[in-house]
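Below: one structure, written as C-alpha cells.
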Amino acid sequence: MNFVSIDFETANEKRSSPCAVGIVVANETDIIDEYYSLINPLAEFRSMNINIHGITPKQVENAPTFAELWPKLYQYLSKGTVIAHNASFDMSVMRHTLDYFHLPYPELDYLCTVAISKQMWPKLHNYKLNTLANYHRIHFAHHHALEDARVAAKIFIKALNVSEPGTLEGLLSACHLQSGKIYQHGYIAPKKRQKRQRKRMCLF
C-alpha cells in the first residue's frame, strides 16, 4: 500500500498563497519518493510567515506558480491515500488555490496524522509535529515543507506498524476514523466512526 504525505507553507494568512510544497510517497515500511518545490504565490508575504518558514519573496521570484506545478502535484497525489499533519490546513490550501486558478478538484481520500496520533498515543501533552517527532526520536528542520511531509509520513508508518494487522483498514478501525474525501464539487472532512453499541437483551 502506497500513501502520499503533503505539506504546504504559505506566504500570508490566505490559504490561496502557497509558497512551498513538500511531497513524500511511502509504503508500510519506507519512503520511496520525495518532491519539493518553491512556489511563486503571486501574493504578498507577511513577516510572520517569513519568520516561521524563512522563505522570502526574492527566493520565489523565478519559482513556478501553483497552476504550473499542478500537473506534477496531481501525478503524486494520485499514487495513494493522501495524509498531512493538521490535514484541514493543507487540504484547505490546495482547495483554495485550485479555486483561485479555476482548476478542477482531484478525487482523493485523505487522513490527518494529528487525529491518528491522538488515538494511537493518547497520553502526549500535545500533538504538534515537533512533539511527535521528539516522542518518536525523529530529527528534522521544522517548517520546511519537505521535512514536515517526511516526518508526517514516518509517523503514519509507525501508526500502521503498531495497529493490527498493520493495514490501512486496520489502522482506521483501531482509531475509529473514516477517511476524508476531496471530489469535483466539494469535500468531506475525516471523521470519527460511530462505535457500535451492543444490543441489550431484555428478560421478562
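The values are calculated or read from the model by the stated rules, or taken from the named source; none is laboratory data. For clarity, every value in this text was computed on a predicted model and none was experimentally measured. Note that each Cβ is placed from the backbone with ideal geometry, even for glycine, and that neighbours are counted across all protein chains shown. These area figures cover heavy atoms from the full protein model, side chains too; ligands, DNA and RNA do not enter into them. Shrake-Rupley method; radii C 1.70, N 1.55, O 1.52, S 1.80 Å.
Details
- Any chance I83 is at pLDDT 95 or above, within 12 Å of the chain's Cα centre (by Cα) and not in a helix (DSSP H, G or I): yes
- Look at (1) in a strand (DSSP E or B); (2) surrounded by fewer than 15 Cβ atoms within 10 Å (Cβ to Cβ); (3) of a type in the set (D, E) and you find that E13 fails only one, number (1).
- Enumeration of residues in the stretch 87-104 that are surrounded by fewer than 18 Cβ atoms within 10 Å (Cβ to Cβ) and either in contact with a helix residue (DSSP H, G or I) (Cβ under 7 Å, 6 or more places away or on another chain) or in a loop (DSSP other than H, G, I, E, B) (or both): F101, H102, L103, P104
- Considered as a group, the residues in the stretch 152-184 that are touching an Asp or Glu at 6+ places or on another chain (Cβ under 6 Å) and either in a helix (DSSP H, G or I) or of a type in the set (D, E, K, R) (or both) include one that is surrounded by the most Cβ atoms within 10 Å (Cβ to Cβ), and that residue is L160.
- Residue in the stretch 144-157 that is more than 16 Å from the chain's Cα centre (by Cα) and among the hydrophobic types (A, V, I, L, M, F, W, C) present: no
- Selected residue (criterion: farthest from A11 (Cα to Cα)) from residues of the stretch 48-77 that are of a type in the set (A, V, I, L, M), in a helix (DSSP H, G or I) and open to solvent by less than 60 Å² (accessible area, probe 1.4 Å): L77
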